[in-house]
């Protein structure tokens, strides 16, 4: 896994609405300049998308106020690092040093990156807290940007953070980036989650994000506490590890555009 931080300089003073969607378009444009095929593959609606984005800092209305000449940053997490290695090498050699967000061209000041070994990182996450687990694991997940979950067999979105929708979807992404060592079948894991994980507390509300003149996204925000029984089992450990992974992968629909960004705390 590779965590990229893009630092850009604002060319104007003013505000933009939620920047996740235009930043995704800008990132895919950067990829396309390095590999047209890769850009198409990673945005294929039929595939499990192996990247996620965290947009510019924003206010409670998901607007970012820019001042000309100031630096701003956003992040892109490349979850399947092997897939992006060639594109990153090509990008490092290119002279292109700007991104377009709507009609504004932002000069790129620098790109910082941190590289992780996915399997070893999961082991580290689990080792950090497994010795303290007793009967129950508490996963405190705070949804920072509007989140929608897939409603299987329907075009409608689910606006409730049901554990059987949250954690199996995270496992699906994890298995895609750790193809050689898939730890559990998603359907079997979903059955386990339905019997062993429940919501013990929550404080949620819905929020609306306007995307252009005619499109909007409604999602939920707030804090959810998941209680995981059978805490000492391998699937209990896996669930806690997937919760930590969610901070890199985001959760739910349109996570590649910065929706479903979460902060997670694990408690015994």
- Output the strands (runs of 3 or more DSSP E) that fall wholly within region 79-164 and possess 1 or more residues being farther than 30 Å from residue 216 by Cα, or say none. 104-115, 136-147
- Message: outside the structural domain of residue 77 (by TED's automatic domain parsing), under 21 Å from the mean Cα position of the chain (by Cα) and surrounded by fewer than 18 Cβ atoms within 10 Å (Cβ to Cβ): is that true of residue 204 in this structure?
- Response: yes
- Message: Looking at region 44-56, can you tell me whether even one residue there is more than 16 Å from the chain's Cα centre (by Cα) and either assigned to a helix (DSSP H, G or I) or over 23 Å from residue 169 (Cα atoms) (or both)?
- Response: no
- Message: Regarding region 60-68, can at least one residue be identified that is loosely packed, with under 14 Cβ neighbours inside 10 Å, more than 29 Å from residue 221 (Cβ to Cβ) and in the same structural domain as residue 21 (by TED's automatic domain parsing)?
- Response: yes
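Looking only at region 9-21, decide whether some residue is part of a helix (DSSP H, G or I) and either surrounded by 14 or more Cβ atoms within 10 Å (Cβ to Cβ) or in the same structural domain as residue 107 (by TED's automatic domain parsing) (or both). Working first, answer last.
At the first step, the residues of region 9-21 found to be part of a helix (DSSP H, G or I) are 20-21.
Add one more test, that the residue is either surrounded by 14 or more Cβ atoms within 10 Å (Cβ to Cβ) or in the same structural domain as residue 107 (by TED's automatic domain parsing) (or both), and what stays is 20-21.
Within region 9-21 (the criterion being part of a helix (DSSP H, G or I) and either surrounded by 14 or more Cβ atoms within 10 Å (Cβ to Cβ) or in the same structural domain as residue 107 (by TED's automatic domain parsing) (or both)), the answer is yes, since at least one residue qualifies.
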- Query: In region 82-101, is there at least one residue being under 17 Å from the mean Cα position of the chain (by Cα) and surrounded by fewer than 20 Cβ atoms within 10 Å (Cβ to Cβ)?
  - Reply: no
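Within region 252-268, can you find the residues that are in contact with a helix residue (DSSP H, G or I) (Cβ under 6 Å, 6 or more places away or on another chain), more than 19 Å from residue 121 (Cα to Cα) and either modelled with pLDDT of 95 or more or surrounded by 22 or more Cβ atoms within 10 Å (Cβ to Cβ) (or both)?
Taking region 252-268 and keeping what is in contact with a helix residue (DSSP H, G or I) (Cβ under 6 Å, 6 or more places away or on another chain), we get 256-258, 262, 264, 266, 268.
Applying the additional criterion that residues be more than 19 Å from residue 121 (Cα to Cα) yields 256-258, 268.
Listed by number, the residues that qualify are 256, 257, 258.
The values are calculated or read from the model by the stated rules, or taken from the named source; none is laboratory data. Note that the structure is predicted; figures quoted are calculated from it, not measured. Glycine gets a Cβ as well: all are built from the backbone with ideal geometry, and neighbour counts include every protein chain shown.
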